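All remarks here apply to the structure that follows.
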Amino acid sequence: MTNALALQSSLSVLSDPRLTEVLVPLHLEARRDERRLVARLLGQLPKVLFKRRLDWTLLSPRLTDLYLAVDPANGLLCYQLLRALRARCVVELGTSMGVSTIYLAAAVRDNGGGRVITTEIVPAKAEQARLNLARAGLLDLVDFRVGDALQTLADPCGAIDFVLNDVHPPAALPIMQRLAPHLRPGAVALCGNAALFPADYEEYLCWVRDPSNGFSSLQLPMRYAGEFSVKTGSGPTSVTVNS
């Protein structure tokens, strides 16, 4: 009960009781799910501890049924960033169960409307996310795309205001390179997992931290916050996508 009350208090910034009713049980379930995540990482725990590259070919299939959800602090960070940006076109890479999507769609709604394009490679997760967004009253703001993000995002939504890059490391940079020309100057890209697995995101971090690619980028000093990149407006207008 204490955890639920603490969550309800932290989510009060959303000013929407319906969102709190949906998000609190989802966050509690995601926390319980973290035990299963740790169990599935045990075989690669030494690499995790010493910040070495993991075997994502082996690991990714073992994570397909897990929440892997944004925590409340970072969900609220995304919400506030979108409000500050007055974001109306948002792209999310890795829908999972739709927890982060709720924060993104709530911000777009509170900005006066727009669209959240979210892509998920696991159909069952995308379907559960649809149900959660419907319960939150936000389904009409979300464009669900199921499949490989390099294909599903071949045609994004025009000038993008914000990208939440939550895909596994091998796909993070190629998709970011695909989207980069569509980000407006001042747009933000947030990659949370880059803080947890810096060795696996090394190429991504090198790319967004190179000013010639059109970004100003740094790691936020908060738990799970990850890499915070701002489109400066410089850099190439088109890019070569890694295969």
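The values are calculated or read from the model by the stated rules, or taken from the named source; none is laboratory data. Owing to the predicted nature of the structure, the values given are computational and were not obtained by experimental measurement. When we count neighbours, we look across all protein chains shown, and the Cβ atoms used for this are built from the backbone with ideal geometry, even at glycine.
Can you pull out every residue in the range 116-127 that is crowded, with 17+ Cβ neighbours inside 10 Å and of a type outside the set (A, V, I, L, M)?
Residues satisfying the conditions are THR118, THR119, GLU120, LYS125.
Can you tell me which residue in the range 128-182 is surrounded by the most Cβ atoms within 10 Å (Cβ to Cβ), limited to those that are of a type in the set (Val, Ile, Thr) and closer than 23 Å to ASP200 by Cβ? Lay out the reasoning, then the answer.
Looking only at the range 128-182, we keep the residues that are of a type in the set (Val, Ile, Thr), and these are 142, 146, 152, 160, 163, 167, 175.
If we keep only those that are closer than 23 Å to ASP200 by Cβ as well, we get 152, 163, 167, 175.
Working: THR152: 20, VAL163: 26, VAL167: 23, ILE175: 24.
Restricting to residues being of a type in the set (Val, Ile, Thr) and closer than 23 Å to ASP200 by Cβ, the top hit is VAL163.
Go over the candidates LEU41, LEU19 one by one and state the one that is within 20 Å of the chain's Cα centre (by Cα) and assigned to a helix (DSSP H, G or I). Don't jump to the end; show me each part of the working.
Values: LEU41 fails: within 20 Å of the chain's Cα centre (by Cα).
Within the list LEU41, LEU19, the selection yields LEU19.
So which pairs qualify, if the first residue must be in the range 12-28 and closer than 15 Å to SER100 by Cα and surrounded by 13 or more Cβ atoms within 10 Å (Cβ to Cβ), the second must be at pLDDT 95 or above and of a type in the set (Phe, Trp, Tyr), the Cβ gap must be under 9 Å, and the two must be at least 6 apart or on different chains?
LEU14/TYR79; LEU14/TYR103; LEU19/TYR103; LEU23/TYR103
Out of the residues in the range 141-163 meeting the condition of being of a type in the set (D, E, K, R) and either in contact with a Ser or Thr (Cβ under 9 Å, 6 or more places away or on another chain) or more than 15 Å from HIS182 (Cα to Cα) (or both), tell me which one is modelled with the lowest pLDDT. Let's see the steps before the verdict.
Taking the range 141-163 as the starting set, the residues that turn out to be of a type in the set (D, E, K, R) are 143, 145, 148, 155, 161.
Add one more test, that the residue is either in contact with a Ser or Thr (Cβ under 9 Å, 6 or more places away or on another chain) or more than 15 Å from HIS182 (Cα to Cα) (or both), and what stays is 143, 145, 148.
Working: ASP143: 96, ARG145: 96, ASP148: 92.
Of everything passing the filter in the range 141-163, ASP148 is modelled with the lowest pLDDT.
Could you list, in sequence order, all residues of the range 63-94 that are part of a helix (DSSP H, G or I) and more than 15 Å from LEU190 (Cβ to Cβ)? Give the steps one after another, and end with the answer.
Here is the first cut: in the range 63-94, the ones part of a helix (DSSP H, G or I) are 63, 72-85.
If the condition is that a residue be part of a helix (DSSP H, G or I) and more than 15 Å from LEU190 (Cβ to Cβ), then LEU63, PRO72 are the ones that fit.
Please list, ordered by residue number, the strands (runs of 3 or more DSSP E) wholly in the range 139-191 having 2 or more residues that are under 18 Å from THR64 (Cβ atoms). Step through it out loud before you land on a result.
Values: elements: 142-146, 160-165, 183-191.
Those strands (runs of 3 or more DSSP E) span 142-146.
Given (1) in contact with a Phe, Trp or Tyr (Cβ under 9 Å, 6 or more places away or on another chain); (2) closer than 19 Å to LEU190 by Cβ, identify the lone condition not met by VAL142.
(1)
Go through the range 141-195 and give me each residue that's touching a His at 6+ places or on another chain (Cβ under 6 Å) and either within 16 Å of SER100 (Cα to Cα) or hydrophobic (A, V, I, L, M, F, W, C) (or both).
Result: ILE160, single match.
Looking at (1) touching a residue at least 24 places away in the same chain (Cβ under 8 Å); (2) within 24 Å of HIS168 (Cβ to Cβ), which is the one condition that is false for ARG115?
(2)
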